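In what follows, a structure is listed as structure tokens, so that the remarks can point back to it.
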Amino acid sequence: MQDDLEALEDRIARLRRSVRAAMRRRDSARVKELRAELRRVERAWDELADALERDERQQPSAPEPARPPGPLVPAREHVHQVLTLLGVPAAPKLIGAVHRAFFPGELPASRLASLRRDEERSFRSSPGARPYYLCPALTSDLLAPARGLVTVSSWPLEHRIIGPLSPRVDFLRAAVAVADAAQRGLHETPDTERLLRSFAVSIPGATPRGTGPIDPGLLTRAAEAEIAVHLDADRQARAAAADRARRRLDETERLFGTKLRAIPGKTAQG
Amino acid sequence: MDSLNTRLAALRGGTSPVGFSARTIAGLNENPGCARRALLDASGADKDRIGARVGFPGRFGQSPFALARGRVFEEQIKANGAAQLLRLLREKLGLTIEEAAYLPLEDVGDNTGRELRARHTTAQLLRAAREGDDAGTLFDHPMLRLRVAGCTAYLEPDLVAFQVGGRFHVVEIKSFAVIDGQVDGEQVTAAARQAAVYVLALRELLADHGLDPETVSHEVLLVTPADFTNRPVVSLIDVRKQLAAVRRVLARMSRVETLLDALPEGVSFDLAPDDDGDPTRDPAELAAALHQIPARYRPGCRAHCELAAFCRDEARCADSLDVFGPAVGGMLGGVDTVCAALGLAEGTRAPAEDEAEIARALRHAETLRSGLG
Amino acid sequence: MSGLLTVLEKMHAARTGYARPLRRFRHHHLVDEPLVIVPLKLAGEAAAPLGCAVGTDPDEPVLLTVPQPRNRDLQHAFFTDLAHVVLGYVAARQGETEEVVPRGGEPRLRYADAPQILVPNRPALDHLGLTGRLTRFQETEDDVPLLGRWLTFFADRAEYPGSSLALALTDLLTAQWATGQSDLEDANLAMLLAWICPPEGTTGAAAAQVAENPLDFPPAGPATDPDFDGLVLQPAVQGYDRAVDAGDPVAAARAEAKVREAVTSQLMPTWRLMWKGLRRLRELPEAAGCEQRWAADRDRFTRHVDRIAEGGPPQPRHDHAVAAAARLATLERAQSRFEAQQAVDDPFVLAELRTTGEAFGGTVVAGEPDRTEVTAKGRTVLRPRLTVRTEDPVRVDDDQAYVCPDRPKQNVRIREIAEDESGCLLVLDVVSGMGTVKKPVPIPEPGETVRYTRVPPQWGGQDFPAPEETPWTHGGPPPGSEEPQGAEQ
């Protein structure tokens, strides 16, 4: 069996060489062919090596991870939990960070990516069957889905629309929400301080002098001070867009955004 | 113009044109005197595949690790309405708290077509330039256009900031590290050149709509990670010199007609792709077509031109001093082959009138050399 | 050095297809047991280590690799292993000492031996410097901060012309030989060595073309081949990440072995080239000046050992503007001293300087061995004079003393220069080493062929303080505290 393994290794080395040579020649068809072959051989090697090593160790195949399993909550409920805490549209990265800071269990990043499509499909097949849907935020100008921002369908339309100042306002609001959760002592983890800091460093007056830990009260006050500066302008932009959406869009579109049908008049000139 | 485009398209043949990017436009500044590259670039020929077809594949891949690092750092800077960038602009450039609007321009609805995005960008930038207040401070991934040799190049800066001192600023986000305030000079130069192309495109956009092009600052903001961390720092770079260079090279590209006129009838770089897109053009014939246009090879070409290996081989076969680099050629001013230089040194070749001085120096050096035994 | 003689040799190399010698001697000392380091880093990162081959035995390199170079803990484990090798090597040079008694100075001890680090190229030296910067401020209890201080020391000395404590092989080889390719290609170790020692039966030119293929000759680093990164390294590193995420130790160990195998495949060819180049360089005779320069290196080494033993702080982050300017001036002085010494030691170098007029040679046409002058104080002194006919384009510098390597004690100055159609006549006064009126030392006689080059500046004067000797609270040395450099006699 060991010999087989070495034969496979030789073959892998030869194949890699051939792939790189073909790449240099820009022979894409050959590259594809060789890569497929390479993957096959590598898989064979993995299986063989696996069998060998596990034989040697005289133990049945290792049980799955030793880390504490979180409660078996579907990913969409994890996301809902986080968004409810934040109260504003959020990007998957922030959702993941907040989850790590305050909630037990794992929220694999890969799951977040597929959520949006699943939710829309589910809504279209039986509208309103679920108590809430995770849907994209909408851009204020085109009422189209905003890239990478997730919201909850039960929120008022104004909260799900993103105007020019909304990314900033929502960031500040998220800071307040996170500081609040930290003050309430909601399941603190080592990641909590890191999360607070990541907010505080980007908000004027939110970091304490010296090197001490972040003060959630200070963070809240600093964030609210800046919110006050932007609030009126942001509220107006969102309200105007929400009005437009109510007049022009059907229920599905109000949740998942319009596909680009026509560009509003003045945008089209250039 | 159309006749020019037709002639250039004929040169390229049945292959679809390779568009310009800011990087390739900035690259035109390297060795701008090379007619071969000027013509190939202007015609949109695929130099990479041409090089491979004539037996000299270039090596222009970037490591996936480098690409991933660049992507992650840019995402980090732009996350949450570009919160980290906003902090830098406030601290270092005195951006006021009110200026916090953020407009993602990387798509229009779900549509990512370049022309549509360019029009959308134009509308947004013009609105900001005309109305000023709260019409957007940070424009993420705008799509700009620039005319290069009669074609439209689409350019996508990382970000444009407005109202930093009442002017538009191009922001370049790069993942190479600044360590103790020191940074790799070559990488900064490359970033500055690229940013200059964006500044030019932005200025033309404003000028085309009757606005003052000087509203676009000649200072660009370079955002890089500091030391060995992900902590971003911003530096201001004056790109006036690079702007002048880009203008010069674009002007030269628009005079590509004179190069075309010098070309013999029937020269083409057509790869003659078959149904699968694989080239069928006879490599020898293609190489012969390339040889028809004079190149100016330098060892540094390999950093920015896919045909460098081909041109180096040509220079070697021609016994040219170019293979050693421009410094050697400069020292031997006027003499251009190894054979001629050694002939002068060994006295087997009579110097031309303007070679008298270098011939004497070479003979002297050769005497010293042979004296060493 | 890039004068006309070098250019001619390059052209002869291009014509013949073989590298041509540029020096008769090797001007850097090579120790019997150098520490060879071939470092590789992860693309896109400032100094994330991917792996390295390190050691003193060509047949048994220590191979260190990092299965996920972005992981700080794994990086640290790598630095710990590297520290073990480097610090062990450095410690083994601290055996015997010798006493040095400088003229008019305090006697001191210095180590009879010193470490010597050899890396493939300049970027590898820069990488060692960055690694030093990354590790020397770490606040760990292990040896990693100490490794950082030593790597910083080596990277720093590598900038000092004439020092042999840390060297890049491509620098050593290009100083010694001219190839028929450009400097950019000479920076590729495989291509450079191909010109210098091609495999039997091929020319250097042909071998260099073969050596340009990264499949057979992986880049000497620290950057790896992008195609290798994409096709081999990335899948291996991702496999490691997956295995760790899944908490499967068997799979993780296997994945780690895969990364190791991949990185080793990129390290070993360069490792072998390092020793091949080193063997070739050892065949060359060492220049006379090496001994003195190596003694200065050993002094530096001794002081750095003392510095660390005394509990001094690590080298500061960067040079203060004043310190940086002083350092630059010192490096320039060291450069000119090193060049002048090489010209005295090596006829090739002297000949090269004759093409630019910094040195000259010719035939003695007249001599006045008994000539005397009366000094301002009224003493009569011997000032022999000779006239030399030369065809060299001499650049006259009144203040410059010249020396003939065959008469190292006798210095001359140019007094007059007269041109005629076949070259020019130089009138030279012998200003030292001529003896006295009663006991004159012979000077060159008419008909003799002579060569003269600049007298190397004396050791001593002001040398820049090494960064570790600059209190970093000050960012530079306090005024008037420039350390006397008795070290470098």
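B:Val197 - would you say it is of a type outside the set (Ser, Thr, Tyr), touching a strand residue (DSSP E or B) at 6+ places or on another chain (Cβ under 7 Å) and within 14 Å of chain C (Cβ to nearest Cβ)?
Numbers: of a type outside the set (Ser, Thr, Tyr): yes; touching a strand residue (DSSP E or B) at 6+ places or on another chain (Cβ under 7 Å): yes; within 14 Å of chain C (Cβ to nearest Cβ): no.
The answer is no for B:Val197.
Among the listed residues B:Leu243, B:Leu250, which satisfies the condition of being closer than 24 Å to B:Gly166 by Cβ, within 22 Å of the chain's Cα centre (by Cα) and among the hydrophobic types (A, V, I, L, M, F, W, C)? The conditions single out B:Leu243. Does region B:324-335 include one or more residues that are assigned to a helix (DSSP H, G or I), assigned by TED's automatic domain parsing to the domain that holds B:Arg369 and touching a Pro at 6+ places or on another chain (Cβ under 9 Å)? Scanning region B:324-335, I find at least one residue that is assigned to a helix (DSSP H, G or I), assigned by TED's automatic domain parsing to the domain that holds B:Arg369 and touching a Pro at 6+ places or on another chain (Cβ under 9 Å), so the answer is yes.
Of the residues in region A:131-144, at least one is touching a strand residue (DSSP E or B) at 6+ places or on another chain (Cβ under 6 Å) and polar (S, T, N, Q). Only one of the listed residues (C:Pro107, C:Pro34, C:Pro69, C:Pro123) is surrounded by fewer than 22 Cβ atoms within 10 Å (Cβ to Cβ), within 14 Å of another protein chain (Cβ to nearest Cβ) and out of contact with any helix residue (DSSP H, G or I) (no Cβ under 6 Å at 6 or more places or on another chain). That residue is C:Pro123. Against the numbered list (1) closer than 30 Å to C:Ala175 by Cα; (2) among the acidic types (Asp, Glu); (3) without any contact (Cβ under 8 Å) to a residue 24 or more places away in the chain, C:Asp73 comes up short only at (1).
For region B:99-146, how many residues are among the small types (Gly, Ala, Ser) and either under 26 Å from the mean Cα position of the chain (by Cα) or at pLDDT below 85 (or both)?
Number satisfying all stated conditions: 6.
Just to be sure before I move on: is C:Leu125 assigned by TED's automatic domain parsing to the domain that holds C:Ala47 and within 21 Å of C:Thr264 (Cβ to Cβ) in the structure I sent? The answer is no for C:Leu125. Scanning region C:214-231 for residues that are within 12 Å of chain B (Cβ to nearest Cβ), surrounded by fewer than 24 Cβ atoms within 10 Å (Cβ to Cβ) and under 16 Å from A:Arg17 (Cα atoms) yields C:Pro214, C:Leu215, C:Pro219, C:Asp225, C:Pro226, C:Asp227, C:Phe228, C:Gly230, C:Leu231.
Out of A:Ala179, A:Ala239, report the one residue that is farther than 30 Å from A:Pro127 by Cβ, assigned to a helix (DSSP H, G or I) and out of contact with any strand residue (DSSP E or B) (no Cβ under 8 Å at 6 or more places or on another chain). Reasoning before the result, please.
Working: A:Ala239 fails: farther than 30 Å from A:Pro127 by Cβ.
Testing whether each residue is farther than 30 Å from A:Pro127 by Cβ, assigned to a helix (DSSP H, G or I) and out of contact with any strand residue (DSSP E or B) (no Cβ under 8 Å at 6 or more places or on another chain) leaves just A:Ala179.
On inspection, C:Leu87 does not qualify as assigned to a strand (DSSP E or B), surrounded by fewer than 19 Cβ atoms within 10 Å (Cβ to Cβ) and either modelled with pLDDT under 95 or within 23 Å of the chain's Cα centre (by Cα) (or both). The residues of region C:150-179 that are surrounded by fewer than 23 Cβ atoms within 10 Å (Cβ to Cβ), outside any helix (DSSP H, G or I) and among the hydroxyl-bearing types (Ser, Thr, Tyr) amount to a single one, C:Ser163.
Annotation for region B:308-319: no member residue is of a type in the set (Phe, Trp, Tyr), closer than 26 Å to C:Glu185 by Cβ and assigned to a loop (DSSP other than H, G, I, E, B).
Going residue by residue through region C:387-410, is there one that turns out to be of a type in the set (S, T, N, Q) and within 14 Å of chain B (Cβ to nearest Cβ)?
yes
Take C:Pro369 and decide whether it is in the same structural domain as C:Leu386 (by TED's automatic domain parsing) and touching a residue at least 12 places away in the same chain (Cβ under 8 Å). In short, yes. When region C:232-253 is filtered for residues that are more than 8 Å from chain A (Cβ to nearest Cβ) and either touching a helix residue (DSSP H, G or I) at 6+ places or on another chain (Cβ under 7 Å) or farther than 20 Å from A:Ala49 by Cα (or both), the ones remaining, listed by number, are C:Leu233, C:Gln234, C:Ala236, C:Val237, C:Gly239, C:Tyr240, C:Ala243, C:Val244, C:Ala252.
With respect to (1) assigned to a strand (DSSP E or B); (2) modelled with pLDDT under 85; (3) out of contact with any Phe, Trp or Tyr (no Cβ under 6 Å at 6 or more places or on another chain), the lone exception for B:Tyr154 is condition (2). Scanning region B:316-360 for residues that are farther than 22 Å from B:Gly33 by Cβ and in contact with a Gly (Cβ under 7 Å, 6 or more places away or on another chain) gives B:Arg349, B:Glu355, B:Ile358. Any residue that is more than 30 Å from C:Gln458 (Cβ to Cβ), within 14 Å of chain A (Cβ to nearest Cβ) and touching a Gly at 6+ places or on another chain (Cβ under 8 Å) - is there at least one of those in region C:269-283? No, region C:269-283 has no match at all. In summary, helices (runs of 4 or more DSSP H) completely within region B:28-106 and bearing 2 or more residues that are more than 8 Å from chain A (Cβ to nearest Cβ), touching a Leu at 6+ places or on another chain (Cβ under 9 Å) and within 23 Å of A:Ala233 (Cβ to Cβ) occur at B:64-93.
Pairing each residue of region B:82-100 that is in contact (Cβ under 8 Å) with a residue 60 or more places away in the chain and more than 17 Å from B:Pro232 (Cα to Cα) with any residue that is of a type in the set (S, T, N, Q) and buried (at least 17 other Cβ atoms within 10 Å of the Cβ), provided the two are 6+ apart or on different chains, yields C-beta distances under 7 Å for B:Glu99/B:Thr137; B:Glu99/B:Gln163. With the checklist (1) within 22 Å of the chain's Cα centre (by Cα); (2) crowded, with 21+ Cβ neighbours inside 10 Å; (3) hydroxyl-bearing (Ser, Thr, Tyr) in hand, flag the one item C:Thr56 doesn't pass. Result: C:Thr56 passes all but (2).
Among the listed residues A:Arg116, A:Arg111, A:Arg100, A:Arg147, which satisfies the condition of being within 13 Å of chain B (Cβ to nearest Cβ) and in a helix (DSSP H, G or I)?
After ruling out the rest, the residue left standing is A:Arg116.
Residues of region B:347-363 that are of a type outside the set (Lys, Arg) and at the interface with chain C (Cβ under 10 Å from one of its Cβ atoms): B:Ile358, B:Ala361, B:Leu362.
Scanning region B:107-139 for residues that are among the polar types (S, T, N, Q) and more than 9 Å from every other protein chain (Cβ to nearest Cβ) turns up just one, B:Thr112. Among (1) in a loop (DSSP other than H, G, I, E, B); (2) within 12 Å of another protein chain (Cβ to nearest Cβ), which single condition is A:Ile227 missing? Result: A:Ile227 passes all but (1). Of the residues making up region B:223-247, those that are more than 12 Å from B:Val170 (Cβ to Cβ), of a type in the set (A, V, I, L, M, F, W, C) and out of contact with any strand residue (DSSP E or B) (no Cβ under 6 Å at 6 or more places or on another chain) are B:Phe228, B:Ala244, B:Ala245, B:Val246.
The values are calculated or read from the model by the stated rules, or taken from the named source; none is laboratory data. Bear in mind the structure is a predicted one, so any value in this text is a computation, not a measurement. Backbone-built Cβ (ideal geometry, glycine too); neighbour counts: all protein chains shown.
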